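Engineer: Pasting in a structure now, in structure tokens, and then I'll have a few things to ask.
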Amino acid sequence: MRSRQQQTLVFSIIGGIGFFLILTTVWLYLRQHKFLKYENKLYGFSLKYPAAWAYAENQGGAAAIFYAPAENELDIFKENVNIVIQDISKNPMGLEEYTKTAIRQMQLVFEQNLVILESEPTLIDGRAAHRFVFLGKGPEAELRFMCLWTLVDMTAYQITYTAIDAKYDKYIDQVKSLVRSFKIKQ
């Protein structure tokens, strides 16, 4: 009889630990896959970003920057998505010319350290857009960038995901969801 009570106690403890592990896994999954709505009335756009990410507005020329959480104390670079809104009314151009100009500017900035991985038409919010993916080799790390842009009237909307190359794939699905949710209020 005593041995049966011990078995029941052991199974109860194992079951409790299993239940706790399942709850923890579900919580972590939902935290990574839950998205919050962000709206920028000043620049006329909205999007959904991962709930675990932080954001800042009007920094470094970006309307908004979304930061992935630090993985640990040694994580010196936070993968991020920034949204830049550019008035092109003083130099009006179409998407094709804007694309050539944007790529040329990146080539000037990165010089021989730029490695183009992809350059192709795409859509942002149902509008014609361009997707440009490249490696930018720096002195401390190799960064991978995914830049997307579209034009609406005389405004360019640029979305750029920046990650250490080795971590690029870790967040790409969340970034793609963010890009798909991007809406322009015009």
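Each reported figure results from applying straightforward, stated rules to the coordinates on display, with no laboratory input. The structure displayed is predicted, hence computed values, not measured ones. We place every Cβ from the backbone using ideal geometry, glycine too, and count neighbours over all the protein chains shown.
Engineer: For Phe45, enumerate residues with amide H under 5 Å from its amide H, sequence gap 5+ or separate chain, H modeled in the peptide plane.
Structural biologist: Asn40, Lys185
Engineer: Okay, next question. Please work out how much length the chain gains when fully extended from Ile13 to Asn72, using 0.36 nm per residue of separation minus the C-alpha to C-alpha distance, in nm with one decimal. Don't skip to the answer; put the middle values down first.
Structural biologist: Numbers: separation 59, 0.36 × 59 = 21.24 nm, distance 3.11 nm.
Full extension of this stretch gives 18.1 nm more.
Engineer: Assuming 0.36 nm per residue, please report the length gained on full extension of the stretch Ala52 to Lys137 beyond their Cα-Cα distance. If you can, show how the numbers build up before the last one.
Structural biologist: Working: separation 85, 0.36 × 85 = 30.60 nm, distance 2.80 nm.
Once the chain is fully extended between Ala52 and Lys137, it gains 27.8 nm.
Engineer: Further question: When only DSSP loop residues count, what trypsin sites (Lys or Arg not before Pro) in the stretch 105-186 have their Cβ near at most 14 other Cβ atoms within 10 Å? Spell out each step's value before the answer.
Structural biologist: On the way: sites: Arg127, Arg131, Lys137, Arg144, Lys167, Lys170, Lys176, Arg180, Lys183, Lys185; in loops: Lys185.
Sites meeting the loop and neighbour criteria: Lys185.
Engineer: By how many degrees, 0 to 90 and rounded to 10, does the Cα axis of helix 2-33 deviate from the longest principal axis of the chain?
Structural biologist: The helix 2-33 is inclined about 10 degrees to the chain.
Engineer: May I ask for the distance between the Cα centers of the stretch 138-182 and the stretch 44-101, given as a whole number of Å?
Structural biologist: Taking the Cα centre of each part, the stretch 138-182 and the stretch 44-101 sit 8 Å apart.
Engineer: Let me ask something else about it. For a test of the definition: using alpha carbon positions, the gyration tensor, and the 1.5 limit on a/c, classify the chain as rounded, prolate or oblate. Spell out each step's value before the answer.
Structural biologist: On the way: a/c = 3.25, a/b = 2.20, b/c = 1.48.
Judged from the Cα gyration tensor, the chain comes out prolate (a/c at least 1.5, a/b above b/c).
Engineer: Continuing with this model, one more query. Compute the angle between helix 95-110 and the longest alpha-carbon principal axis of the chain, please, reported from 0 to 90 degrees and rounded to the nearest 10.
Structural biologist: On a 0 to 90 degree scale, this one is about 70.
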